[in-house]
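Worksheet: one structure, shown below.
The values are calculated or read from the model by the stated rules, or taken from the named source; none is laboratory data. Keep in mind that this is a model prediction, so the values were computed, not measured. Cβ placement follows ideal geometry from the backbone for every residue including glycine, while neighbour counts extend to all protein chains displayed. Surface accessibility is based on the protein's heavy atoms, side chains included, excluding ligands, DNA and RNA. Shrake-Rupley method; radii C 1.70, N 1.55, O 1.52, S 1.80 Å.
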Amino acid sequence: WDLLDSVSLPVMPLMTQDGLTAVKYVREHAKEFKIDPNKIGFEGSSAGGTVAWNVVCNAIDENRPNFVATNYGYGEALAPCTNIPKARTPMFIAVAIDDELVPVQHSLNVFNKWLNAGQPVEAHIYQKGNHGYVGNPPQNLPVDGWFDRFVEWIFMLYPDTKK
């Protein structure tokens, strides 16, 4: 953990700022991209999940995603969230209990913080899948369906969105 922290902590503010800039840019160019500026999300896995968490916790109105999703993120281990948005900001969390790199407790802590703040949150905690199930070949396990659950969740948030 010390090595992971020593590598990640110095660059986390830069990654977070990049994420905030990306959300702002997409929102400002939403008409050009033919997307709804009120349906912009931020998803990340592993280090990207940690960035997603930091983006939503450090955003202001112009660069706050409308929803956020994390897969096996490091969560608050690097940067505690002291600025939970007042605006409704749903969160989707997916994680595998057998993750050998990032303990499931990190995702559970993020879930509890969001829940206790009165923010909408949905969590999928898979028994098996380990770290890195996003983008890797199917494992013939329930975790293989995480993306389907994510899409279902988005359509629940935005039922008027075309499938």
Q.
Any residue at all in segment 13-30 that's among the hydroxyl-bearing types (Ser, Thr, Tyr) and in contact (Cβ under 8 Å) with a residue 40 or more places away in the chain?
A. yes
Q: Just need a number here: residues in segment 1-20 that are among the hydroxyl-bearing types (Ser, Thr, Tyr) and modelled with pLDDT under 85.
A: 2
Q: Please give the number of the condition residue 101 fails out of (1) within 27 Å of residue 80 (Cβ to Cβ); (2) touching a residue at least 12 places away in the same chain (Cβ under 8 Å); (3) touching a strand residue (DSSP E or B) at 6+ places or on another chain (Cβ under 9 Å).
A: (3)
Q) When you scan segment 91-124, how many residues do you find that are of a type in the set (D, E, K, R) and touching a Phe, Trp or Tyr at 6+ places or on another chain (Cβ under 7 Å)? A) 2
Q | Filter result (modelled with pLDDT of 95 or more and surrounded by 11 or more Cβ atoms within 10 Å (Cβ to Cβ)) within segment 134-150 | A | 139, 141, 142, 143, 144, 145, 146, 147, 149, 150
Q.
Considering only residues that are open to solvent by 50 Å² or more (accessible area, probe 1.4 Å) and either at pLDDT 95 or above or assigned to a loop (DSSP other than H, G, I, E, B) (or both), which ones fall in segment 38-61?
A. 38, 39, 43, 60
Q) Which of the residues that make up segment 86-106 are open to solvent by 10 Å² or more (accessible area, probe 1.4 Å) and not β-branched (Val, Ile, Thr)? A) 86, 87, 88, 98, 99, 100, 101, 103, 105, 106
Q. If you go through segment 10-17 one residue at a time, do you hit one that is farther than 16 Å from residue 133 by Cβ, over 11 Å from the mean Cα position of the chain (by Cα) and assigned to a loop (DSSP other than H, G, I, E, B)?
A. yes
